[in-house]
Amino acid sequence: MTSTTADGPALADEDLPGKGSGPARDAGDPFGADTLPAPRGATRALLVSLLTPMRARVAVTSLLLLLQQAAVQAGPLLVAYAIDRGVPAFRDHDYGPLAAVGIGYAVCAVGAGVLQYAFIRAAARINQDVLLDLRGRIFRHAQALSVDFHERYTSGRLISRSTTDVESLRELLSEGLQELVGVLLSFVSISLMLLWLDLGIGAIAVASFIPLYLLVRGYRQRAAKAYTARSTAIAAVIVKFAETMNGIRPVQAFRRERANDRDFAVSNHDHERRNGDALLEMARYVVGSRLVANTAVAAMVLWGAYRVASGTLALGVLAAAVLYLRRLYDPIDRLAMFLNSYQSASASLEKIAGLLAQTPAVPEPAEPKALPPVAGEHPGREVTFDGVRFAYRTGGEVLPRFGLTIPAGQTVAVVGSTGAGKSTLAKLLARFYDPTEGRVLLDGTDLRDLATPELRRGVVMVTQEAFLFSGTIAENIAIGRPEATPEEIEHAAKAIGAHDFISSLPDGYDTDVRKRGGRISAGQRQLVAFARALLADPAVLILDEATSSLDVPGERAVQRAMGTVLHGRTAVVIAHRLSTVEIADRVLVMEHGRIVEDGPPAELVAGAGRFAGLHKAWRESLA
Ligand SMILES: Nc1ncnc2c1ncn2[C@@H]1O[C@H](COP(=O)(O)OP(=O)(O)OP(=O)(O)O)[C@@H](O)[C@H]1O
Ligand SMILES: [Mg+2]
């Protein structure tokens, strides 16, 4: 593909999750929502497919976490042993038990540290690999999706998928999951330990889980709402910001600053309020959970003290129980954080799964056919539109049963009023879309049967928005044929009339276009795009308003180049400026998706049709 129709990454209004009511949008269009529908279980399948290749490492890492938890939980038990056995033995001059406790405690502490270190390293590696894989998948998948997808799913949303959403998964994997597993393990192990130490004391702890559970459940529901509202509000702030800065020229030209300030303040305040709501939910949860925890500890101490006094409970056991209980409730505040990161990560993963479930509207053929060798001495190929009907997914029929044959080597100019369907015709020929009905053929082979590399070699389209990639001018020209030599690149630039301006740049062909992006004019960009197309040497060349930014001498140079270098190639030239038509063998006038006039330019000019009228008006405008 020599040129693309993509603009830069721009956040548009439809980037808002849940919003998206552009005029071209159906009410039932799933693209209106931030989350694309994915098949059932796709989210889980995605997670499984990410973790499966490293299941051995996941198992080892989980084992490390289990051992680390065991080492940590041994502490209070050793304290109980020290108080109940070690101290009495010490009084009898038996230092063994207390020394054993001391050594055991040190081993556990050091062991827990070492295990934690090993776990963090192993988990971080898994985490990094998962994210690397996921980001790569998003990029490859999105790049492979058809133009049709990208026109509806804005680049702003794609960027969010591979940054914000991947990031929220990272948070969950790196901090959240460790936290959750830690909390769950300590809940189970501590409960069992307490029940084992003393049934009554254990029962108090277990009973306190009921109000805690209710609290967590209530928080989850309310927080989900609060956080969704918050993320919608922040998206609105970002969209407003990006829209203003992307359109800074019209903003300043039409003095929109004041109105924008007002709009921005509204979104900004709304976000602040939503953020406050979310924090309030969190505060309520924290206060509630501490209340439950402290009540449980108080109950345990009261009852435990009574039993120690009446001799039915060892003091050491009570001390251990209180230590355990504190440890049990400690991570509960953090559980709320975990729930948040879990919620946002699962929403993110769902969005990513929805994106990855999209299939290209223009699929690769299962059994690609090779094009026949070029017939005759000309490098061009015959193009046929055979009963083609076409409608964009969001709109009425643009081409109603369209038939056209362009013999190999012919240059056809297509003219017609705005919205007639000229660009649509070009995009079908370059297979950015497939016809709704009928076929587009290249030397008798359906475009749908051609492998993408063969198709892109055969058909090249240059559009109005000559897009330059980051890199040097030479690299930009060579995109159509990466193996081209510097001489070939220069030759192509010379043929098109781009050599002079390129030589006048500070580094000539090695000038970095991004660093000078602003200083390469629209016309110069078009020249580079032309040189690129020339070098790609396609059998069929499509020019859609490709000379619109050139001055008259520039356009003439391009026409001359096409006359010589592209001689014998099939060319479809779409232009509003009729000067372009002079190089054509044949002119097609298109209206409402139909060809209303078709013939050699001289014949049409001499006639009394639409083209004759257009041509007359154009000649008069020149005089
Ligand atoms: N991506 C799209 N999604 C939906 N409708 C589209 C899309 N692109 C074009 N259309 C519609 O299809 C019709 C034909 O558009 P097309 O771009 O082919 O016209 P055109 O002849 O190239 O016009 P112009 O001379 O202005 O470039 C128009 O009504 C347009 O609104
Ligand atoms: Mg057009």
Cβ-Cβ under 8 Å pairs, at least 6 apart or on other chains, the stretch 424-441 side within 16 Å of Glu151 (Cβ to Cβ), far side part of a helix (DSSP H, G or I) and more than 10 Å from ligand 1 (Cβ to nearest atom): Arg431/Leu447; Arg431/Arg448; Arg431/Leu455; Asp434/Leu447; Asp434/Arg448
Total residues in the stretch 387-402, condition more than 21 Å from Glu364 (Cα to Cα) and part of a loop (DSSP other than H, G, I, E, B): 3
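Can you pull out every residue in the stretch 198-245 that is in contact with a Lys or Arg (Cβ under 6 Å, 6 or more places away or on another chain) and outside any helix (DSSP H, G or I)? Break it down stepwise before answering.
Residues of the stretch 198-245 that are in contact with a Lys or Arg (Cβ under 6 Å, 6 or more places away or on another chain), as a first pass: 229-230, 233.
Passing the criteria: none in range.
Does Pro39 meet the test of being more than 15 Å from Tyr153 (Cβ to Cβ) and modelled with pLDDT under 55? If you could, list the steps in order and put the result at the bottom.
Numbers: more than 15 Å from Tyr153 (Cβ to Cβ): yes; modelled with pLDDT under 55: no.
Spelling it out, it is not the case that Pro39 is more than 15 Å from Tyr153 (Cβ to Cβ) and modelled with pLDDT under 55.
Quick one: would you say Leu535 is in a helix (DSSP H, G or I), modelled with pLDDT of 85 or more and either assigned by TED's automatic domain parsing to the domain that holds Tyr509 or away from ligand 1 (no atom under 16 Å from the Cβ) (or both)?
Numbers: in a helix (DSSP H, G or I): yes; modelled with pLDDT of 85 or more: yes; either assigned by TED's automatic domain parsing to the domain that holds Tyr509 or away from ligand 1 (no atom under 16 Å from the Cβ) (or both): yes.
So Leu535 passes the test.
Yes or no: Ala361 part of a loop (DSSP other than H, G, I, E, B), touching a residue at least 40 places away in the same chain (Cβ under 8 Å), outside the structural domain of Ile201 (by TED's automatic domain parsing) and more than 30 Å from Ser49 (Cβ to Cβ)?
Values: part of a loop (DSSP other than H, G, I, E, B): yes; touching a residue at least 40 places away in the same chain (Cβ under 8 Å): yes; outside the structural domain of Ile201 (by TED's automatic domain parsing): yes; more than 30 Å from Ser49 (Cβ to Cβ): no.
Judged against the criteria, Ala361 is not a match.
Yes or no: Val412 under 30 Å from His615 (Cα atoms) and either within 14 Å of ligand 1 (Cβ to nearest atom) or under 28 Å from the mean Cα position of the chain (by Cα) (or both)?
Details: under 30 Å from His615 (Cα atoms): yes; either within 14 Å of ligand 1 (Cβ to nearest atom) or under 28 Å from the mean Cα position of the chain (by Cα) (or both): no.
It is false that Val412 is under 30 Å from His615 (Cα atoms) and either within 14 Å of ligand 1 (Cβ to nearest atom) or under 28 Å from the mean Cα position of the chain (by Cα) (or both).
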Residue within the stretch 312-334 that is small (Gly, Ala, Ser), surrounded by fewer than 20 Cβ atoms within 10 Å (Cβ to Cβ) and more than 30 Å from Ser49 (Cα to Cα) present: yes
Flag for Arg525 being among the basic types (Lys, Arg) and not in a loop (DSSP other than H, G, I, E, B): yes
Output for the stretch 232-270, where each listed residue is of a type in the set (Ser, Thr, Tyr) and in contact with a Gly (Cβ under 8 Å, 6 or more places away or on another chain): Thr232
Matching residues, the stretch 370-395, being loosely packed, with under 14 Cβ neighbours inside 10 Å and in contact (Cβ under 8 Å) with a residue 40 or more places away in the chain: Ala370, Pro372, Ala375, Glu377, Gly387, Gly395
Tally, over the stretch 490-513, of residues that are closer than 13 Å to Leu527 by Cβ, over 34 Å from the mean Cα position of the chain (by Cα) and not aromatic (Phe, Trp, Tyr): 13
Yes/no for Val398 being touching a residue at least 24 places away in the same chain (Cβ under 8 Å) and assigned by TED's automatic domain parsing to the domain that holds Phe611: no
Output for the stretch 274-302, where each listed residue is in contact (Cβ under 8 Å) with a residue 40 or more places away in the chain and either over 30 Å from Leu325 (Cα atoms) or acidic (Asp, Glu) (or both): Arg274, Asn275, Asp277, Glu281
Any helices (runs of 4 or more DSSP H) falling wholly within the stretch 131-180 and containing at least 2 residues that are within 10 Å of the chain's Cα centre (by Cα): 155-160
Test: residue in the stretch 559-568 that is buried (at least 22 other Cβ atoms within 10 Å of the Cβ) and either farther than 17 Å from Gly409 by Cβ or within 16 Å of ligand 2 (Cβ to nearest atom) (or both): no
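The values are calculated or read from the model by the stated rules, or taken from the named source; none is laboratory data. Since the structure is predicted, the reported quantities are computational estimates derived from the model, not experimental observations. Cβ atoms come from the backbone with ideal geometry, glycine included; neighbour counts cover every protein chain shown.
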